[in-house]
1. Output the qualifying pairs, or none if there are none: Cβ atoms under 7 angstrom, residues six or more apart or on different chains, first residue in the stretch 132-146 and among the polar types (S, T, N, Q), second residue part of a strand (DSSP E or B) and open to solvent by less than 80 Å² (accessible area, probe 1.4 Å).
2. Give the stretch 134-157 a look and list any residue that's in a helix (DSSP H, G or I) and open to solvent by 20 Å² or more (accessible area, probe 1.4 Å), or say none.
3. Among the listed residues His190, His200, which satisfies the condition of being touching a strand residue (DSSP E or B) at 6+ places or on another chain (Cβ under 6 Å), not in a loop (DSSP other than H, G, I, E, B) and not acidic (Asp, Glu)?
4. Could you tell me which of the residues Ala35, Ala45 is surrounded by fewer than 18 Cβ atoms within 10 Å (Cβ to Cβ), part of a helix (DSSP H, G or I) and touching a residue at least 24 places away in the same chain (Cβ under 8 Å)?
5. For Asp75, only one of the following conditions fails: (1) without any contact (Cβ under 8 Å) to a residue 12 or more places away in the chain; (2) among the acidic types (Asp, Glu); (3) at positive phi. What is its number?
6. With over 26 Å from Met68 (Cα atoms) and part of a helix (DSSP H, G or I) as the only criterion, which of Gly121, Gly131, Gly116, Gly106 stands out?
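The values are calculated or read from the model by the stated rules, or taken from the named source; none is laboratory data. This one's a predicted model, so the numbers in the text were calculated from it and none came from an experiment. A quick note on method: Cβ atoms are made from the backbone with ideal geometry, for glycine too, and the neighbour counts reach across all protein chains shown. What goes into the accessible areas is simple: the full protein's heavy atoms, side chains included, and nothing from ligands, DNA or RNA. Shrake-Rupley method; radii C 1.70, N 1.55, O 1.52, S 1.80 Å.
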Amino acid sequence: MGQLHHFTYGAITPIFAYAMSFLGSLLGLVSTARARAAQDTRRRAWLLVLAAWAIGGTGIWVMHFMAMVGFSVQDSPLRFDVPTTVASFFIAVVTVGVGLFIVGLGKPKIWKVLVGGPITGVSVAFMHYTGMAAMNINGKFEYKPSLYIASYAIAVVAATVALWFTLVVRGIAATVAAAAVMGVAVCGMHYTGMYAMQVHLDHDIKTVPGVDVNWFLAPIVLFVLVVVIALASAVMAVPSEREQAEAEAVREKIAAGQALRATAGPVFGGGSNSGVTPPPPAAPGKTGQAFAARAANGIADARRQRGR
């Protein structure tokens, strides 16, 4: 049985892996918050697509391969099959997207979280093991059944909690805290699956097909930059729930002012010197309306005095 090293370069790879998971989760939560605030269904849909790219692509898939940079097998080269690796990326993005669309479209319901969470969790764990299946060594891998099942359970719980966060999390502090929890959960699922692995090496030295894991570093960095720029642009283009509430309050004040002017009518000229009806008394706290009412009453009294 071969010896596995999960932290070949020390703490640097798990730290970067957690940072990618936290970043992807944070961007995804921000995007889903904007999707909640969006009134147009089409805009909400593409915001959820961006959230799936952030959480599934950056928070899960990029995290996975950043952690795999520090993984090695003693006495055997380690290579990755490119098509299988790419397939694992699309599995992560699509399955997270399915969960987000189940929860994010229509009215928020707890049953949507309970349905979408397990679907997404099982699919995310499947993505992890698809990524592991892309690895080629001079031998074969096996998994301990107990840890293998535990990794699926962690993935289901993590996905369900993540989808619940997309519905209830509001505010900057809560969003950052939720992203931190999601990052811990994703990393926990990954390393549980990694510790479930056992390797049996062949005695005969063979050529191992595939590419080195470092081959993926440049595409990963480029992908993260694209996701960050795209989500930043989306966040700037779509107002948040608080911004929409503030804009609605301003519109209500403007409408109230226009209604007051229409009710009061012209103050000077154009009207009869008698029969002027003052506007109704101002409601408490509305200084502008009270001032207009007092002004109209004063003008009406002056006109009646001139008519005597």
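1. Close Cβ pairs (under 7 Å, with a partner that is part of a strand (DSSP E or B) and open to solvent by less than 80 Å² (accessible area, probe 1.4 Å)) amount to Asn136/Arg79; Asn138/Ser76; Asn138/Leu201.
2. Taking the stretch 134-157 and keeping what is in a helix (DSSP H, G or I), we get 145-157.
Correct list: Pro145, Ser146, Leu147, Tyr148, Ile149, Ala150, Tyr152, Ala153, Ile154, Val156, Val157.
3. Working: His190 fails: touching a strand residue (DSSP E or B) at 6+ places or on another chain (Cβ under 6 Å).
Selected residue: His200, the only one of His190, His200 that is touching a strand residue (DSSP E or B) at 6+ places or on another chain (Cβ under 6 Å), not in a loop (DSSP other than H, G, I, E, B) and not acidic (Asp, Glu).
4. Working: Ala35 fails: surrounded by fewer than 18 Cβ atoms within 10 Å (Cβ to Cβ).
Ala45 is the lone residue from the list that is surrounded by fewer than 18 Cβ atoms within 10 Å (Cβ to Cβ), part of a helix (DSSP H, G or I) and touching a residue at least 24 places away in the same chain (Cβ under 8 Å).
5. All conditions are met except number (1).
6. Working: Gly121 fails: over 26 Å from Met68 (Cα atoms); Gly131 fails: over 26 Å from Met68 (Cα atoms); Gly106 fails: part of a helix (DSSP H, G or I).
It is Gly116.
Yes/no matrix, rows are residues, columns are (1) within 27 Å of Gln198 (Cβ to Cβ); (2) modelled with pLDDT of 85 or more; (3) touching a strand residue (DSSP E or B) at 6+ places or on another chain (Cβ under 6 Å):
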| site | (1), (2), (3) |
| --- | --- |
| Ala38 | no, no, no |
| Leu48 | no, yes, no |
| Gly56 | no, yes, no |
| Thr84 | yes, yes, no |
| Ser88 | yes, yes, no |
